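Participant: I'd like to ask some things about the structure below.
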Amino acid sequence: MKTPFYKGAQGNLSKHIVTVALSALAVSGTKVIAEDLPLGTEITSVTVIGAALGVDTAYKLDLVDRDSNVTALVASTTSTSATSKTVPLKPIYVGDEGPSDIVLTNSGTGAATGEVTVHIEYRFVGY
């Protein structure tokens, strides 16, 4: 998310899209999807599209601030087969506790291997 925020006639709603390839992500293993979301960012929804990641796998997506406080974005979702999940959120504001990271965690009991694409819809409202 190190690109400039746009504020124009159509507003400032933006989408950050990232695809990660997981290679045997261990149980409870994590992968940072977006790091250092700036103060003043408001997350409005998240979409996760994943391939089948393996037997007994699941993922969850969290917002983690600089003090290691965790806010759930996407609850644990089984990923034994391909998944697609959109979660509209009550806007989550990154304020004094920021900057914050968005972290993907293997919440299953098996190692996860495959590709996951995450769409983060956000807007910059200022600090």
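The values are calculated or read from the model by the stated rules, or taken from the named source; none is laboratory data. Small disclaimer: the values here were computed from a predicted structure and weren't measured. Cβ placement follows ideal geometry from the backbone for every residue including glycine, while neighbour counts extend to all protein chains displayed. We work out accessible area using only protein heavy atoms, side chains counted, and drop any ligands, DNA or RNA first. Shrake-Rupley method; radii C 1.70, N 1.55, O 1.52, S 1.80 Å.
Participant: Relative contact order for region 5-127: what percent, with Cα pairs under 8 Å and sequence separation of 6 or more?
Facilitator: 46 percent
Participant: Please give the contour-minus-distance gain from GLU115 to ALA82: 0.36 nm per residue of separation, less the Cα-Cα distance, rounded to one decimal in nm.
Facilitator: Values: separation 33, 0.36 × 33 = 11.88 nm, distance 0.99 nm.
Here the answer is 10.9 nm.
Participant: I would also like to ask the following. Carbon and sulfur atoms: what percent of the 1.4 Å accessible area of region 50-127 do they account for?
Facilitator: On the way: 1950 of 3740 Å².
Percent of accessible area from carbon and sulfur atoms in region 50-127: 52.
Participant: While we're on this one: Sequence gap of 8 or more, or different chains, plus Cα separation below 18 Å: how many lysine pairs satisfy both in the chain? Kindly include the intermediate steps, with their values, before the conclusion.
Facilitator: On the way: LYS2/LYS15; LYS2/LYS31; LYS7/LYS15; LYS15/LYS85; LYS15/LYS90; LYS31/LYS60; LYS60/LYS85; LYS60/LYS90.
Summing the qualifying lysine pairs gives 8.
Participant: In addition: Averaged over all directions, how much area does the convex hull of the C-alpha atoms of region 72-127 cover when projected, in nm²?
Facilitator: Directional mean of the projected Cα hull area for region 72-127 stands at 5.0 nm².
Participant: Shifting gears a bit: Simple spin-label model, 7 Å along Cα-to-Cβ: LYS90 to ALA26 in nm?
Facilitator: Modelled inter-label distance: 3.6 nm.
Participant: Tell me, what HN-Hα J-couplings in whole Hz come from the Karplus equation 6.51 cos²θ - 1.76 cosθ + 1.60 at θ = phi - 60° for each residue of region 59-65, using x for Gly and Pro?
Facilitator: 3J(HN,Hα) across region 59-65, in whole Hz: 9, 9, 10, 10, 9, 10, 8.
Participant: With every protein chain kept in place and ligands, DNA and RNA left out, what is the accessible area per residue of the chain? Probe 1.4 Å, answer in Å².
Facilitator: The answer is 52 Å² per residue.
Participant: Of all alpha-carbon pairs in the chain, indicate the percentage at a distance above 21 angstrom. The partial results should precede the final answer.
Facilitator: Numbers: 3009 of 8001 pairs.
When every Cα pair of the chain is considered, 38 percent fall beyond 21 Å.
Participant: Here's another thing I want to ask about it. Distance between the C-alpha centers of region 12-39 and region 88-110? Whole Å please.
Facilitator: Region 12-39 and region 88-110 have Cα centres spaced 9 Å from each other.
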